[in-house]
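Have a look at the structure below, then the notes.
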Amino acid sequence: MNPTITEQIQGLSRILGEVIAPEVQSPYPAEILGSVIGALDALQSSWSRIPVFLQWDIAETTAVLVAAKPILDAGLAAEIDIAIAAAPADAGDWAALEIYQTRLRGLLARAVPALAGFKDGDAYRRMIALFHARAERFPFSMAARPQKKPE
């Protein structure tokens, strides 16, 4: 496929930087445009790692939720079971993975208060390990402004 996704994102960033940016004179819109260019640059360098990250995050979040079920109220534990049973069948369906990951992360957010009451428990330790690993693995690293390219 030409242009590739990476090439398309690079092209959009280049157009904004080379064609649009010189025409933007007001400081605030110029700052916003710089941030958009930075976000596109981050997306261009990271988009291909998103599916692997989503699959990893889903697996790890599921493990935390399963470990947490014994200390959660019955309603939340049942919602976790329902969510796990509804896992997307197609690992290549990014939209479904994003929706599912968001659902699991929402369940985890609801479980946090109960987990915080059992800081010596396995589920709490798994949750903290997940948060640390997720911060390290998250595919996007964005600077507030794009790096100036050498002339």
Once you place label points 7 Å from the Cα toward the Cβ at Ala63 and Val24, how far apart are they in nm?
4.2
Relative to the first principal axis of the alpha-carbon coordinates of the chain, what is the inclination of helix 94-116, with its axis defined by its Cα atoms, in degrees from 0 to 90 and to the nearest 10?
50
How many nm is it between the label spots at Glu7 and Arg137, if each spot is 7 Å from the Cα in line with the beta carbon?
3.2
Angle in degrees between helix 122-137 and the longest Cα principal axis of the chain, rounded to the nearest 10
10
Nearest-0.05 FRET efficiency for Ala74 and Ala39, computed from C-beta distance (R0 35 Å)
0.25
Using the alpha-carbon centroid of each, what span in Å lies between segment 85-105 and segment 39-65?
12
Using only alpha carbon pairs under 8 Å that are at least six residues apart, calculate the relative contact order of the chain and give it in whole percent.
34
Between Arg49 and Ile15, how many nm apart are label points set 7 Å from Cα along the C-beta direction?
2.7
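None of the figures in this text is laboratory data; all of them are computed from the coordinates on show. Please read these numbers as outputs of a predicted model, since none were measured by experiment. Neighbour counts run over all protein chains shown; Cβ positions are idealised from the backbone, glycine included.
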